[in-house]
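Please read the structure below before turning to the comments.
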Amino acid sequence: ARMADREKMAEMLRYFTPEQMDRYECYRRSSLPKPVLRRVFQAVTGTILNPNGLIVLAAVGKLFVGELVELARQIADDEGVDDLTEIKPAHVREAHRRMENGGLLFRPRKKTLFRKRGA
């Protein structure tokens, strides 16, 4: 299965424009800083993340950022922004808003599971 996936990927890469290839190479080289992820996770959850969990968190974070940027790029394209022009913060905010409205973002529950008596 891995060999077939690699062959499919190689075939796809042959059709990339130079701009797409540059973008793909930047994506492959990028990573989220693990010390920052560890601190944010600990601040939000109050627990310490083990090294394997940190790797998973970094991978999921990178996927999320990739999807957000991809949607922001589509929004910029829809507005007539040239493909080589950088996306603006407004495009990223709009992409986030669309993801949120589409139910693609995790949100804490609005209702509490347990209520205090007399409240």
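Can you give me the % of accessible surface on region 49-101 that is carbon or sulfur? Probe 1.4 Å, all protein chains present, nothing else counted. Working shown, then result.
Numbers: 2040 of 3460 Å².
Its accessible area is 59 percent carbon and sulfur atoms.
Express the accessible area of region 33-114 per residue in Å², computed with a 1.4 Å probe while the remaining protein chains stay in the model. Could the numbers behind the result be given before it?
Working: 6370 Å² over 82 residues.
For region 33-114, the solvent-accessible area averages 78 Å² per residue.
Which is farthest toward the positive dipole end of the chain among Asn101, Asn50, Gly61, measuring Cα position about the Cα centre, with Cβ charges +1 (Lys, Arg) and -1 (Asp, Glu)?
Going by the Cα projections, it comes out as Asn50.
Can you tell me which of Val81, Val40, Val65 moves the most in a GNM of the chain? Springs connect C-alpha atoms under 10 Å apart.
Val40
Label Lys8 and Tyr27 with points 7 Å out from Cα along Cα→Cβ: what is the distance between them in nm?
1.5
Given the peptides 68-74, 49-55, arrange them by the average over their residues of other C-beta atoms within 10 Å, most packed first.
The most tightly packed comes first, giving 68-74, 49-55.
Kyte-Doolittle mean at least -0.5 and Cα extent at least 15 Å along the axis: which DSSP H helices of the chain qualify?
Membrane-span-like by this rule: 34-45, 51-78.
So what does the Cα-only Debye profile of region 1-54 read at q = 0.13, 0.18, 0.25 Å⁻¹, as log10 I(q)/I(0), no solvent term?
Summing over Cα pairs of region 1-54 leads to -0.58, -0.74, -0.91.
Given charges of +1 on the Cβ of Lys and Arg and -1 on the Cβ of Asp and Glu, with all other atoms neutral, how large is the dipole of the chain about its Cα centre, in debye to the nearest 20?
Values: 23 positive and 16 negative charges, 303 e Å.
Taking the Cα centre of the chain as origin, the dipole is about 1460 debye.
Could you compute the net charge surrounding Thr85? Neighbours are other residues with a C-beta less than 12 Å from the C-beta of Thr85; K and R count +1, D and E count -1.
Neighbourhood net charge equals -4.
Among Glu11, Glu25, Glu100, which one shows the highest mean-square fluctuation when the chain is modelled as a Gaussian network with alpha-carbon springs under 10 Å?
Taking springs between Cα atoms under 10 Å, the residue moving most is Glu11.
The values are calculated or read from the model by the stated rules, or taken from the named source; none is laboratory data. All of these numbers come straight from a predicted model, not from anything done at the bench. Cβ atoms come from the backbone with ideal geometry, glycine included; neighbour counts cover every protein chain shown. The protein model used for the area step is the full one, side chains on, heavy atoms only, and it has no ligands, DNA or RNA in it. Shrake-Rupley method; radii C 1.70, N 1.55, O 1.52, S 1.80 Å.
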